[in-house]
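Below is one structure, written out as structure tokens, with a few remarks after it.
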Amino acid sequence: MSTSQQLPTHHEGGPKPIKRKHSASYYVHRVSESLSTRISKILCGIFLTLLFIIGIAAFISWLSLRPHRPRIYISSFSIPGLDQSNGFENAEIRFNVTARNANRAVGYYYDSVEAFAYYRDQAIGSTPLVDSFYQEPKNTTILYKVLKGATLDVNNDRWKEFRNDRALGTVVFRLDVTAMIRFKVSTWDSKHHRMHANCDVAVGRDGSILATSKNKRCPVYFT
């Protein structure tokens, strides 16, 4: 066979790749890194889960311990003798203040509780209700008082104004209740806060509180 009739031969153009052989310590290191990564992820997941649970528990505790404002109502209010022209000579205002503690775990210390009566934004009387008392959680306290004599400033002219309103069917007063309050949670007591409750009260021709005002919740704020 001639040289021109020989089959072409193929020659590879480059060197063959060299396979690197790793030592046993290399594979041990890789496995160790993989395990470390997995353990880190597991620990991170556990930490985040615990943090979430603690956050939920803290939020629930805050909701249960967060102090709510006292709930103040006027359960009764009357002016005897309002139908008498000379009733101012023995004028008096009788009222009951209901204080409700709606908290489950927070108590109130009431100090220096006072009541102020107003007619057309003019002060007509004031009196201390009680020096101090402690109110347990989920508890209701009723304070009864009478404004008369030195604690009630009603003259003949003011009485005529009462009777003029009475002729129209309604006489409107405002009773403000103030107190210094401390909140108690377990063994911890807060600092003093001054509470104000503004209660609008309407009485009818007979001098007794109207149904629209009885047991109506009074707005409460602190200063």
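Each reported figure results from applying straightforward, stated rules to the coordinates on display, with no laboratory input. These figures come from a predicted structure and were not determined experimentally. Because the Cβ atoms are built from the backbone with ideal geometry, glycine has one as well, and the counts that use them run over all protein chains shown.
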### Task
Treat each spin label as a single point 7 Å out from the Cα along the C-beta direction, and report the Arg104 to Ile56 distance in nm.
1.6 nm
### Query
Counting Lys +1, Arg +1, Asp -1, Glu -1, what net charge surrounds His193 among other residues with beta carbon under 14 Å of its beta carbon?
+3
### Query
Among Tyr108, Tyr118, which comes first, then next, by fewest other beta-carbon atoms within 10 Å?
Tyr118, Tyr108
### Message
Percent of Cα-Cα pairs more than 17 Å apart in region 167-223, please.
### Response
53 percent
#### Entry: Cα centroid of region 81-108 to Cα centroid of region 195-215, whole Å
9 Å
## Note on the structure
Note: Ser34 to Asn139 extended length (0.36 nm per residue) minus current alpha-carbon separation gives 31.7 nm
### Query
Going by how many other beta carbons lie within 10 Å of each one, how would you line up Leu48, Leu143, fewest first?
Leu48, Leu143
### Summary
Simple SL model, points at 7 angstrom along Cα→Cβ for Lys216 and His193; separation in nm is 2.5 nm
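Full-extension gain between Ile46 and Ser186, please, as 0.36 nm times their residue separation minus the C-alpha to C-alpha distance.
On the way: separation 140, 0.36 × 140 = 50.40 nm, distance 3.24 nm.
Once the chain is fully extended between Ile46 and Ser186, it gains 47.2 nm.
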### Query
Give me the log10 of I(q) over I(0) for region 71-222 at q = 0.12, 0.14, 0.17, 0.22 Å⁻¹, as the Debye formula computes it from C-alpha points; what are the numbers?
-0.52, -0.67, -0.92, -1.38
